[in-house]
Amino acid sequence: MTSSSTSSSRFPRISTTGVPTRCWCGEGITTFGSSTAENRYRRFYRCEIGRDRKSENHLFKWIDEALIDEIRMVDVKYERVAQGLTKFEERVMENVNSAITLLEHEISQELKEMVNLEIARVENEMKQKLKIAMVVMIVVGAMVGLCTSLIV
């Protein structure tokens, strides 16, 4: 048997990549084992019609070559998917980082508001205590003044 690269001008061979499912003529594919000394027991795909019509260029492809084609196609698809995942991961990380930055800003603003409210509350409380302390000092001063004036 010859390689899948031979062709005839009368019956053009359509290139098949990977594992073939049909011949160019539309007929199904069958697997056979080579009986030549050069490729003893090597498996191949062959058009069912081409088996009987040797003069026509119906599909013929070595199974090992077809499987290597399939592996190469899967490798290419894998690389595309891996690149797509990498780009997706980068976009997700950008979104996450943006969300984190926004949340940090919002939390910072909320904390500032809470701290300012607490400072204002403590300031009011201190003013109240200071007023009470001043009233107490005035009352105590007045009492001391009364006591002093009564004693003298």
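The values are calculated or read from the model by the stated rules, or taken from the named source; none is laboratory data. Because the structure is a prediction, the values reported are computed rather than measured. Neighbour counts run over all protein chains shown; Cβ positions are idealised from the backbone, glycine included. Accessible surface areas use protein heavy atoms only, side chains included; no ligands, DNA or RNA. Shrake-Rupley method; radii C 1.70, N 1.55, O 1.52, S 1.80 Å.
At a glance:
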| item | result |
| --- | --- |
| Criterion violated by residue 87 - all others in (1) among the charged types (D, E, K, R); (2) assigned to a helix (DSSP H, G or I); (3) in contact (Cβ under 8 Å) with a residue 12 or more places away in the chain satisfied | (3) |
| Search result, residues across the stretch 33-79 that are open to solvent by less than 50 Å² (accessible area, probe 1.4 Å) and not in a loop (DSSP other than H, G, I, E, B) | 33, 44, 45, 46, 47, 60, 61, 62, 63, 66, 69 |
